[in-house]
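None of the figures in this text is laboratory data; all of them are computed from the coordinates on show. Note that the structure is predicted; figures quoted are calculated from it, not measured. Backbone-built Cβ (ideal geometry, glycine too); neighbour counts: all protein chains shown.
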Amino acid sequence: MEHSEAQPGAATAGHPLDRRAELSEFLRSRRARLKPEDVGLPDFGRHRRVPGLRREELAQLAGVSVAYYTRLEQGNGRNVSAEVLDAIARALRLTDAEHAHLTHLAKPKSHKKKPAARQQQVRPALRQLLDTMDGVPAYIVGRRSEILAWNRMAAAVFGDWAELAPAERNWARLVFLRPDYRDLFVDWQQKAIDIVCALRMDAGCYPDDPRLSALVGELSVKSDEFRRLWATHDVKEKSHGVKRLHHPLAGDLSLHFESFRLADDADQSLITYHAEPDSRSADSLRLLASWGTDASRAGSAA
């Protein structure tokens, strides 16, 4: 596998993400994706030397001076007001998730540095809840895409994570570094995009998290796909949808997922999956329920 040079602002082992570089690259990437006609400006065609909007055009749309916006795009977010960030977000046509990410990068909260290093804990009552959800694959995911707790059905569908070392119970590592997970997800590319977008959101909230920096650095070295997706600076949150899987034992599954962010810990989310009633996928889930955690072992041995 060929490895190119790390992207500017990317984390390397033992070093935190460069928040100023992240802010700069994020703003440039959002500006580059807009065409003048998207925002009602004239397009001068071949005379344009840069992709997307020019800085002065973006500054005009946001109602700030070119010098002010240039300083911000160079990574200097000190003393920037919420009103200015709102105006720039509107000018860039940012989504709610992108707007939140911009705010985290430009106006970091110092109190967030300490919790990032703390080990994530799942409340005992939540573990009990997972165990009572018979027939419903469910798990709790935390920062850095870490899989913190799961039930028997989740193990039957996604693999028995109890057999992995704790550091390997991580969606990013599983999807980008394990060939069996590439086979499991029918739309692997979309799953990969979703994971990188979530990690980008984490990086905005916790740029000084050494474990997150180490994870990004490791994946950037080991996976060409991760490095390419990380360089897009895309961020988004997905609270529900449909995942299509190709299970080694049960065959094709089409499962609806719902994501519930915990009220007492916004860094943790409960993810559940269910099939349409009376569907083939529902029958397959019942089959997997009868096999339990042996389902993944039986499928891999087939």
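Odds and ends about this structure:
- Value of relative contact order over the chain, rounded to a whole percent, pairs C-alpha under 8 Å and six or more apart: 21
- Projected label distance in nm at His246 and Glu83, using a 7 Å step from Cα toward the beta-carbon: 5.6
- Estimated FRET transfer efficiency (Ser279, Arg127; beta-carbon r; R0 41 Å; 0.05): 0.90
- Net charge of neighbours whose Cβ lies under 9 Å from the Cβ of Asp252, counting Lys and Arg as +1 and Asp and Glu as -1: +2
- Each helix, a run of at least 4 DSSP H residues, gives -39500 (n - 2.57); summed and divided by the residues of the chain, these come to -13500 deg cm²/dmol at 222 nm.
- Environment charge at Leu148 (Cβ cut-off 12 Å; Lys +1, Arg +1, Asp -1, Glu -1): +2
- FRET efficiency, 1/(1 + (r/R0)^6) with R0 30 Å, evaluated for Ala32 and Leu177 via beta carbons: 0.50
- Taking amide hydrogens as placed 1.01 Å from N in the peptide plane, the amide H of Gln268 sits under 5 Å from those of Leu262, each at least 5 positions away in sequence or on another chain.
- Rounded to the nearest 10 degrees, the angle from helix 19-32 to the longest Cα principal axis of the chain is 80 degrees.
- Over the chain, the fraction of Cα-Cα pairs per 20 Å bin, rounded to whole percents and listed from the shortest bin up, is 31, 52, 17, 0.
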